[in-house]
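Taking it in order: structure first as C-alpha cells, then the write-up.
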Amino acid sequence: MAIERKQWKSAIVIAATAWMAVLFGFAPSEATAEYGDVVMNEYSDEAGMRPVVFPHWFHRIRFRCKVCHADLGFKFQAGGNDINMLKIIDGEYCGACHNGDVAWSVENCDLCHSGKAGTPTQVHESTLQKLIMPAGGAPKK
Amino acid sequence: MITKRLLFIGTMAMSALLAVAFTLEVSEAADPNAFNRLMKPPSKRNPPPAKDGIHDPESVGAEALQPPKEAFSAMPKGKSGNYVDWVQALADQKIAPRFDRLDPEAKPILMDLNIVREVKGSMPNVVYPHKQHTEWLDCSNCHPAIFIPQKGANQISMAAILLGEKCGVCHGKVAFPVSECRRCHSQPKGKAATTKAEAGAAAAQPAAQPAATAGQP
C-alpha cells in the first residue's frame with residue numbers, strides 16, 4: 001500500500017515535470033519588454049528572490065548616463081558589476097541613490113525584485129536579441 | 001504488475017497534459033497568414049510592466065511600477081527603441097536629467113566636435129557628433145576603452161556595431177537602435193568624391209535627405 005502511494009506520487013511528479021517542461025520549453029518567448037530594460041539575475045533566483053528589473057528609460061529621465069556609468073562605476077555590461085545586497089546597503093551601485101535620501105530605500109524589495117523567476121541576466125529588446133535571423137556567434141547570455 | 005499499471009497511468013496523464021498544453025499553445029499562436037508574420041505589431045510597443053513578459057505579474061512591483069507610456073506621452077516621438085526621441089526631449093527640456101547624483105543644477109560641459117567617417121559604397125557618410133554625446137556621457141565612457149581619441153584611429157564596421165561593439169555598445173541597447181540608419185549616416189557624399197553609381201543612388205532618394213539632416217545642428 002505504502003509502495004503504491006509512493007509510485008503514484010512519482011507518477012504525478014513526472015507528469016508535473018513534463019507539464020513544466022512544456023510550459024517553459026514551448027511557451028513563446030513573448031518578451032516584448034521596454035527597450036533597454038535590464039534583467040539582473042546572477043544571484044536572485046538561487047537566493048529565492050525574483051530577478052531584478054532595472055528600467056533604463058525611467059532612470060534616464062532623471063539622470064544622465066554619466067552619473068551611473070562614470071561617477072558610480074556601473075560597467076556597460078548586464079551582469080558585469082557583481083552587484084549584491086551588501087554592496088547596496090553600503091551605498092554602492094543602486095544603493096548610492098536607493099537610500100531613503102535620493103530615492104526610496106532598500107526595504108522596498110519588490111520594487112526592484114519584480115522579474116519573472118528564471119529570466120536570465122540580459123538587456124532587453126537589443127538589436128542583437130531582435131535580429132530575425134540570429135547573427136552568427138551572437139553571445140546568448 | 002502495479003508498477004506497470006502506474007507507469008501506464010503516468011504516461012497517460014503526461015500525454016493528457018501535453019495535449020492540453022499544445023491546445024493552449026495553438027489557440028494562443030497567431031493566424032498563420034497574419035499580415036506581419038515576424039514584425040512586432042504596434043500594439044505591443046511600450047507595454048505596461050505586468051504585460052511585458054519580464055515582470056512577474058504576481059509581483060507587487062508589477063502593479064506599483066510606472067507604465068512607460070504614461071511617462072512618454074509628453075515627450076517627442078521616436079521611430080524605434082523606446083519610441084522616444086531622447087535628443088529632442090532633452091533639447092526641448094521635456095526632461096531634465098541630472099548631471100550629478102545630488103546637485104540638480106550641475107551642467108554638462110559640451111564638446112562640439114563632429115567626426116566624419118567616409119563610408120565606401122552607396123550609404124551616406126557617418127557623422128559622429130560629440131555634442132549630443134557629451135550631453136549624456138563623460139569622455140571616460142568612450143575614451144579610451146571603446147575609441148582611441150584620434151580621428152580615424154579606430155576600425156569601425158556595421159558588422160561590429162550589430163554585434164554590440166563600437167557604436168553598438170550603446171546603440172541597439174539603450175541609445176537609439178541600429179535600425180535608424182540615417183541618424184548616423186547623415187552626410188550625403190560630396191559630388192566630387194562620388195562615382196556615377198553613387199551619385200545615382202543618392203539622387204534616387206532626395207526627399208528623405210532633408211528630414212535626416214534636419215536633426216543635425
Defining a contact as two alpha carbons under 8 Å apart and six or more residues distant in sequence, what relative contact order in percent does the range A:31-132 show?
43
Between the range A:89-134 and the range B:121-150, how far is it from one alpha carbon centroid to the other, in angstrom?
27
When we measure straight from the Cα of B:Lys107, which aspartates and glutamates land under 20 angstrom away, once same-chain ones fewer than 8 places off are left out?
A:Asp71, B:Asp92, B:Glu135, B:Asp138
Cross-link candidates for B:Lys120: which aspartates and glutamates have Cα within less than 13 Å, leaving aside residues fewer than 8 places away along the same chain?
B:Glu198
To the nearest whole percent, what portion of all C-alpha pairs in the range A:31-132 is separated by more than 19 angstrom?
42
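Are any of the pairs B:Lys94/B:Lys151; B:Lys77/B:Lys131; B:Lys151/B:Lys173; A:Lys130/B:Lys69; B:Lys94/B:Lys189; B:Lys51/B:Lys173 more than 32 Å apart by Cα-Cα distance, and if so, which?
Numbers: B:Lys94/B:Lys151 34 Å; B:Lys77/B:Lys131 21 Å; B:Lys151/B:Lys173 25 Å; A:Lys130/B:Lys69 21 Å; B:Lys94/B:Lys189 34 Å; B:Lys51/B:Lys173 21 Å.
Over 32 Å Cα-Cα: B:Lys94/B:Lys151; B:Lys94/B:Lys189.
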Count, for each residue of B:58-69, the Cβ atoms from other chains sitting within 10 Å of its Cβ, then give me the mean as a whole number.
5
Other chains' Cβ within 10 Å of A:107-119 residues: what's the mean?
5
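No value in this document is a laboratory result; all are computed from the given coordinates. Not measured: the values here are computed from a predicted model. Please note: Cβ atoms are built from the backbone with ideal geometry, for glycine as well, and neighbour counts cover all protein chains shown.
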